[in-house]
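Report on one structure; see the data block that follows.
The values are calculated or read from the model by the stated rules, or taken from the named source; none is laboratory data. Everything numeric in this text was worked out from a predicted model, so none of it was measured. Cβ atoms come from the backbone with ideal geometry, glycine included; neighbour counts cover every protein chain shown. SASA here: full protein model, heavy atoms, side chains in, ligands and nucleic acids out. Shrake-Rupley method; radii C 1.70, N 1.55, O 1.52, S 1.80 Å.
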Amino acid sequence: MEEMPMNIDHKKPENRPLYIFALIAVVVILFLNIFAIPAMQERSVEKTDYSTFLSNVERGNVSKAEVQDDYIYYIVRKNGEDVVCKTVRMDDPDLVSRLYEAGTSMEAVEPQKQSILLSLVIGYVIPIVIFVFLGRWLSKKMMSSMGGGPGGAMSFGKSNAKVYVKSSTGIKFTDVAGEDEAKELLTEIVDYLHNPQKYTEIGASMPKGALLVGPPGTGKTLLAKAVAGEAEVPFFSISGSEFVEMFVGMGAAKVRDLFKQANEKAPCIVFIDEIDTIGKKRDSGSFTGGNDEREQTLNQLLTEMDGFDGSKGVVILAATNRPEVLDPALLRPGRFDRRVIVDRPDLKGRIEILKVHARNVHLDETVDFENIALATSGAVGSDLANMINEAAILAVKSGRSAVSQKDLLEAVEVVLVGKEKKDRILSAQERRIVSYHEVGHALVSALQKDSEPVQKITIVPRTMGALGYVMQVPEEEKYLNTQKELEAMLVGYLGGRAAEEIVFDSVTTGASNDIEQATKVARAMITQYGMSKKFGLMGLATQENQYLNGRAVLNCGDNTATEVDHEVMELLRVSYEEAKRLISSHRKALDKIAAYLIRKETITGKEFMIIFRAVEKGLEVSDVLDAEGLKALDEAVKAEDKTDEANADTETAESAIAVPAIEQYR
């Protein structure tokens, strides 16, 4: 039973607003009857001056007249109609004789009055009706402020699920891409709703429910709507938070009402988004009673899912990105028979998603979705849809009628690192530091065979806080990382900090994010991947919230955790020393590329590799290199490559001739 709040001051609740409302109603009704309605009746009497009255009397137009203390009321014939007129009484001793001579009848002249019924309606009925409707409106406003609007606390158990009639969602499976396995599992539910007799003949029953699990933005809600669109059945959509009420028992009542509506409209689909709001594990050790309402709602949901007849065609779909917190009773077969994983799309899935969202966008011939998909590893469907929209906006801003590959690449950067912050102007020294820092990352990546190739280097600040960054794009989609690849990743993260120390003999705060990412990778290698010689294959951490932040939590003692920290420190130290060694041995290339980046601000991976290879081959690189000079340098590098290949072929041929001679000598 819910406890009522104590009234510390021992005062009765004030009902002043109700009294004020009634008082206002009485005052308005009295005002209408005393002032407004008589004023309206007075308007039917025409006012004239005294001379007009006398002229009408002399002409014999006045048929009746009533002389009062202050006014004279009389009836005059105008345009064939009798009109009541009014004039001010003057001090005229001959007035009575004039009226008598004109043949005017001196008797009471009453102005034309409205009917009693009309006066009653205007004076009482209409004001009362207006105040009744005004009171109801104020009452609804008060209820909605207490959570009692549609589906609120004061709606007393009525479900406010959005109901979409057949095909009104307009979404089909063709509108969902990148989740082929999830669509295949849900297609069987659609087929059952279309052809239930095919399954009942063999004795199969339809799954009562399917739980869609995956990270945010992967399309769980979209998939549920697509199922309803394909099945062409009513679709009930409600969020788990809408079951949570301020009064105990209201959430459970809403669950009952929802399933009652679903049974009436069967076959249909009921979709509960963010079901973890009401489906969390029940805590038997809680003595506070704070979770009574949520647990009652969950118990009612369990009862309804276990009690309704699955043969009617009512399917329960639910979505969550925290399946680990759900109550086991909710996940058992018979309630949610299937768990459909809606994970981040792979390379093929991202290409298909980009094509779906670009169906209504004008594209030019330069667009390459595979290249964009490679650059967006780990992105979900909502990210890719946002990138397509940002690219279209960029094309419009540039005055083009179609989206180009350049627009898409820029949109990827806008979504991942933010827009260019053109109003942030760095000093000359800061530009040098940022330039060497970013080139340090790129140079270390180029010198390691297990690193991803560099696509872009920039020192233009972005709105998400980056003063510069290196964009690396993998050559192919990968699902596993070897130990050497992770070690190369650590060296790459620390390459920027190493370049700062070597060139400026000092370090800055610019490497904070690099250090954070490197520490995260190093700790995972030791505690989760078994890549530590000291701890071997021992698992020291578990991952929580797999589909949200994926945070790792240590499950070892304090002494072991301290040893883990020492191992992480040693792994980072070795990686940092390797980064400094690589940069020191290629200092000339670092200086040339950094100088070029300072002048250009943004360079491509191709430009970076041309300068790097030219320096490595001993070619002269100008300090004021321009586009023509870069092209000539590229041709010189290719010529050197051909010379090296020819020399290598000659050495191979000489070795092949020498071998038989040696064998003959033996």
Examine segment 526-541 for a residue that is within 36 Å of the chain's Cα centre (by Cα) and over 22 Å from Ala488 (Cβ atoms), and state whether such a residue exists.
-> yes
Residue pairs within 7 Å by beta carbon, gap of at least six or interchain, first lying in segment 186-199 and free of Cβ contacts under 8 Å to residues at least 40 places away in the same chain and exposed (fewer than 15 other Cβ atoms within 10 Å of the Cβ), second hydroxyl-bearing (Ser, Thr, Tyr) and in a helix (DSSP H, G or I), listed first then second, are none
Within segment 515-540, restricting to residues that are of a type in the set (A, V, I, L, M) and assigned to a loop (DSSP other than H, G, I, E, B), the one that is surrounded by the most Cβ atoms within 10 Å (Cβ to Cβ) is Leu540
Scanning segment 469-505 for residues that are open to solvent by 50 Å² or more (accessible area, probe 1.4 Å) and either modelled with pLDDT under 90 or part of a loop (DSSP other than H, G, I, E, B) (or both) gives Gln472, Glu475, Glu476, Lys478, Tyr479, Leu480, Asn481, Thr482, Asp505
Turns out the strands (runs of 3 or more DSSP E) fully within segment 172-286 with at least 2 residues that are farther than 26 Å from Tyr547 by Cα are none
The residue from Glu438, Glu477 that alone is among the acidic types (Asp, Glu), under 26 Å from Arg581 (Cβ atoms), in contact with a Ser or Thr (Cβ under 9 Å, 6 or more places away or on another chain) and in contact (Cβ under 8 Å) with a residue 60 or more places away in the chain is Glu438
Cβ pairs under 7 Å, 6+ apart or interchain, first in segment 617-645 and assigned to a helix (DSSP H, G or I), second β-branched (Val, Ile, Thr), ordered by first then second residue, are Leu630/Ile610; Leu633/Ile610; Leu633/Val621; Asp634/Ile610; Val637/Ile610
Checked Leu374, Leu363 against criteria (open to solvent by less than 60 Å² (accessible area, probe 1.4 Å) and either out of contact with any Cys (no Cβ under 7 Å at 6 or more places or on another chain) or in contact (Cβ under 8 Å) with a residue 40 or more places away in the chain (or both)); the one match is Leu374
Scanning segment 154-201 residue by residue, those under 16 Å from Lys265 (Cβ atoms), of a type in the set (A, V, I, L, M, F, W, C) and modelled with pLDDT of 60 or more turn out to be Ala161, Val163, Leu193
Those residues of segment 295-350 that are open to solvent by 40 Å² or more (accessible area, probe 1.4 Å), part of a loop (DSSP other than H, G, I, E, B) and more than 30 Å from Asn371 (Cα to Cα) come to a total of 5
The condition from (1) of a type in the set (A, V, I, L, M, F, W, C); (2) open to solvent by less than 20 Å² (accessible area, probe 1.4 Å); (3) more than 44 Å from the chain's Cα centre (by Cα) that Ala632 misses is numbered (2)
For Glu413, the lone unmet condition from (1) open to solvent by less than 60 Å² (accessible area, probe 1.4 Å); (2) farther than 20 Å from Thr463 by Cβ is (2)
For segment 217-231, pairs from a residue that is over 15 Å from Leu185 (Cβ atoms) to a residue that is assigned to a loop (DSSP other than H, G, I, E, B) and of a type in the set (Ser, Thr, Tyr), with Cβ under 7 Å and 6 or more apart or across chains, are Lys225/Thr169; Ala228/Thr169; Gly229/Ser167; Gly229/Thr169
